[in-house]
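Below is one structure, written out as structure tokens, with a few remarks after it.
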Amino acid sequence: YSDRLNQVDARIAKIFKVGPRARIQGTVSAFNLFNANAPTSINKTYEPSWLLPSKIMQARFVKFGAQVDF
């Protein structure tokens, strides 16, 4: 068995009212906060590279977004 997959994500959103009917919702999302690096795929063929990881979890990153309603 390989390592257990544990990934912590977080999202923060704030709504700003603009005028009588418009609003803007800003968001900040952070993925893989603790920068885990568990393998998601390993080589299961019996050869010299047996059990070596071929893919690992995606690195930590932040995404910004906005939604405008009017």
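Is one or more of the residues making up the stretch 4-21 modelled with pLDDT of 95 or more and among the acidic types (D, E)? Within the stretch 4-21 (the criterion being modelled with pLDDT of 95 or more and among the acidic types (D, E)), the answer is yes, since at least one residue qualifies. For the structure I just gave you, tell me whether S54 is of a type in the set (S, T, Y), surrounded by 11 or more Cβ atoms within 10 Å (Cβ to Cβ) and touching a strand residue (DSSP E or B) at 6+ places or on another chain (Cβ under 6 Å). Judged against the criteria, S54 is a match.
The set of residues in the stretch 1-34 being closer than 16 Å to A59 by Cβ, surrounded by fewer than 11 Cβ atoms within 10 Å (Cβ to Cβ) and either touching a residue at least 60 places away in the same chain (Cβ under 8 Å) or in contact with a Lys or Arg (Cβ under 9 Å, 6 or more places away or on another chain) (or both) consists of F34 alone.
Of the strands (runs of 3 or more DSSP E) entirely within the chain, those holding at least 1 residues that are out of contact with any Gly (no Cβ under 8 Å at 6 or more places or on another chain) and of a type in the set (D, E) occupy 61-69. Checked against (1) in contact (Cβ under 8 Å) with a residue 40 or more places away in the chain; (2) surrounded by 11 or more Cβ atoms within 10 Å (Cβ to Cβ), N43 passes all but condition (1).
The values are calculated or read from the model by the stated rules, or taken from the named source; none is laboratory data. A quick note: this is a predicted structure, and the numbers were derived from the prediction, not measured. Glycine also receives a Cβ, built like all others from the backbone with ideal geometry; neighbour counts cover every protein chain displayed.
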